[in-house]
Every structure is written in C-alpha cells, then in structure tokens.
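Enquirer: Here it is, the structure, as structure tokens.
The values are calculated or read from the model by the stated rules, or taken from the named source; none is laboratory data. None of these values were measured; they are calculated from a predicted model. Positions of Cβ are backbone-derived with ideal geometry, glycine not excepted, and every protein chain shown enters the neighbour counts. The area values use the complete protein model at the heavy-atom level, side chains included, leaving out ligands, DNA and RNA. Shrake-Rupley method; radii C 1.70, N 1.55, O 1.52, S 1.80 Å.
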Amino acid sequence: MHSPKKTTHYLSKQFFLTSVLACLCAFGAQAQHGKITEGKDPFTKMNSFFRKSYAKTRQKLIEQHAPVIAFVNGGLLFVRKGAKPRWENITPALYTELKTVSHVPLALYVILGLEKEGVLSTGKLQELKDFMGLMTAARKTLKKRSFVNTQQLQDQFTQIDLGLALADKCLRTNKLIHSELQEFLKKSQALIQRNVLAAIAAQIDVAHTFTKEFYSTLDSQEKKQLIVLVSGPKAARKDHAITQYFAKVLNVKGEGARILYTESVFSRKGVLNILGTFLLDTQVGISFFNDKWRMHRDLLSDAGRYYISTLSFEDFR
C-alpha cells in the first residue's frame, strides 16, 4: 500500500503547477453529474474556452515563425514570411513504381507466410489467383514505365516473374511448401535492395534541388531559425530517410528542436498545427517549469512515477 503521509507531502509541493496544467491539458469532455447537462457544465465550457484560446495563440505562433520546410503528402511545403506557402512534389513516378514492384514479394508473404504447409483453403487459392491476374496485367506495362536503364527494367521483370512462378505452383498443386516460399523471398532480397536504393535516391535528388533553391534565398538569421517537419507513419519514424536528409542540411543529429516528426499527420494544416503546438508548448514549459522540453512529454509523468513508487505490486508477483 502507499503511504498517505508521504503522498500528501509530495502533492503539497507539486499541487499548484500540476493542477493548473492538468486542467489546461485535460482530454475530452468532463464527466457529467446530477442535473448538469452536456454543453452547460461550467467545467466543459471553461475547458472549451481554453482550447479555443490555445488554438488562436498557436496559429499566431505559426504565422510568426518562419521559415519552415514540411515534408507532407510526398512533397515539400516551403513557408517564408511575406510569401505564399509553396508545395513542390518530390515523389517522382520512378519512386512509386519501384516501390510497387517491391511490394510483390511482400504481398505474397502476407498471403502465404502465416499459412500452414500443405493444402491451401479455397479462399487463399482465390486470393492467389486474383493477385496473379494483377501481376500479369502489371507486367505487360513495365516497358512503358519510368525505369531508367535496361538492368533496372530487367529487375522488375525478374521480380514479377518470380512472383508469378510461386503463385502458379501453389495454384497448380493447391499446396504451399514453405521452403519454396523462403527460396522466393531469398531471391527477392537483392532485387528489393536495388529498388529501394534507386527509389529513395530519386526522391532525395528532387528534394535536394528544391531545398538548395529555397535555402539560398534565406538570410543568415532565417537559416538559423529554419525548422523542418517530417510527416510519416509511426512504423517509419526511426531513421526516416527524409529526416536523415534534413539532419545533414541543418547539421543536427536528427529529431529535436529543429526537426519535428509529425507522426500519422498527413495534411498540410495538421503538420503546421504540430509546429504551432511545439512552439507554444515550449514557451509553456519555460514559463511554468523553466524547462523548454517539459511539455513535450506527459505532464503527469513525474507525478505518476512518484505515486507508482508508493504502491505495492506484490499481488502481481
């Protein structure tokens, strides 16, 4: 059990800041009690007022802070004071087409990889037949795509042909042999690696051109203030290629005060709102805690860590 005396002592020192900030950052509507109906609860109205004020101040900070480069929707959004934001596509057709072919072995793995060896179900056989038809149709268009040389084009034929051969064998025998699937994946590895390298090189080359152009227009102070936002899914966050690129541009290690990863936010407005939240929360952290990073982690983390340390977990051992 926790110690009431120990807990009370700690909370007496932390109560003011924690209670104020907890109120400000509470999630969702407050629980309704008694005769108070939703929309009339003064707690809900007060919290809604805070959120509107927060949004206004955040927008003001977004407008005040520039320059910004945001990677979003496959392109770069360039923002500078006094100029209309400009979005440039940095994802050429070659990038998309190379990744699409590299999805062939991944597709066959997710169809077959978790199946037991032996006879395949009717549903799986139909799934394979459907995908085989799509591979066959895609193969016919390869020469019309953006592949840059004979070897690259041949790699795409090889990858799809490997996939067709595996699917055809399973359909003819109605069976899955795991060693054959593993052999297919092994043969696909080098093809995938070459495609991935060519794809990201194509994207970064375009990004490099636009970024150099934008950067050359900035004065020395703007270059010091430049912040980059990278929009992407959670799974791709670690060592994201665009984050790595801009770390070199800004001469920083990676994510931090100048590179923000906006996880699973894919609209231009949403990405810029993340910037505003970062800027405002940094000021809140400095003003309340004399720590610019304090609001970039769970506000309740310190108190939670302390309180959890006062509990007994013997019942779980």
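Enquirer: Rounded, prolate or oblate for the chain? Axes are the square roots of the Cα gyration tensor eigenvalues, ordered a ≥ b ≥ c, and the cut-off for rounded is a/c under 1.5.
Expert: The shape class here is oblate.
Enquirer: Then there is this: Sort the following peptides by mean Cβ neighbour count (other Cβ atoms within 10 Å, averaged over residues), highest first: 166-173, 81-88.
Expert: In decreasing order of mean packing, 166-173, 81-88 become 166-173, 81-88.
Enquirer: Towards the positive end of the charge dipole of segment 170-317, with charges on Cβ (+1 Lys, Arg; -1 Asp, Glu), say which of 282, 309, 191 has the farthest Cα.
Expert: Value: 191.
Enquirer: Follow-up. If the cut-off is a Cα-Cα distance under 16 Å, which lysines reach residue 223, setting aside same-chain residues fewer than 8 apart in sequence?
Expert: In chain and number order, the partners are 81, 212, 248.
Enquirer: In segment 267-286, whose amide N lies under 13 Å from the spot 7 Å out along Cα-to-Cβ of residue 300? List them in ranges.
Expert: Flagged as within label range: none.
Enquirer: Then there's this: Given the whole protein assembly as supplied and a 1.4 Å probe, what does the accessible area of residue 208 come to in Å², nearest 10?
Expert: Surface accessible to solvent at residue 208 totals approximately 80 Å².
Enquirer: Would you check the accessible area of residue 122, probe 1.4 Å, heavy atoms only, in square angstrom rounded to 10?
Expert: The accessible area comes out at roughly 120 Å².
Enquirer: Now for a separate question. Using Cα springs under 10 Å in a Gaussian network model of the chain, which residue among 306, 245, 109 shows the largest mean-square fluctuation?
Expert: Most flexible of the set in this elastic network: 306.
Enquirer: I've got another one for you. Quick one: putting +1 on the C-beta of Lys and Arg, -1 on the C-beta of Asp and Glu, what dipole do you get for segment 197-281 around its Cα centre, in Debye to the nearest 20?
Expert: 120
Enquirer: Here's something else I'd like to know. Just for the chain, what percent of DSSP beta bridges are antiparallel, to the closest 5?
Expert: Among the beta bridges of the chain, antiparallel pairing accounts for roughly 55 percent.
Enquirer: Dipole magnitude of the chain about its Cα centre, charges +1 at Lys/Arg Cβ and -1 at Asp/Glu Cβ only, in debye to the nearest 20?
Expert: 760
Enquirer: Here's another thing I want to ask about it. Please work out the FRET efficiency for the pair residue 153 and residue 106, using the Cβ-Cβ distance as r and a Förster radius of 25 Å; give the result to the nearest 0.05.
Expert: Rounded to the nearest 0.05, the efficiency is 0.75.
Enquirer: What do you get for the angle between helix 122-139 and the principal long axis of the chain? Use alpha-carbon atoms, 0 to 90 degrees, nearest ten.
Expert: 80
Enquirer: Please state the Cα pair-distance histogram of segment 232-300 with 10 angstrom bins from zero: what percent is in each bin?
Expert: All Cα pairs considered, the percentages come to 20, 43, 34, 4.
Enquirer: Rounding to the nearest 10 and keeping the result within 0 to 90°, find how far the Cα-based axis of helix 42-64 lies from the longest principal axis of the chain.
Expert: For helix 42-64, the angle is close to 60 degrees.
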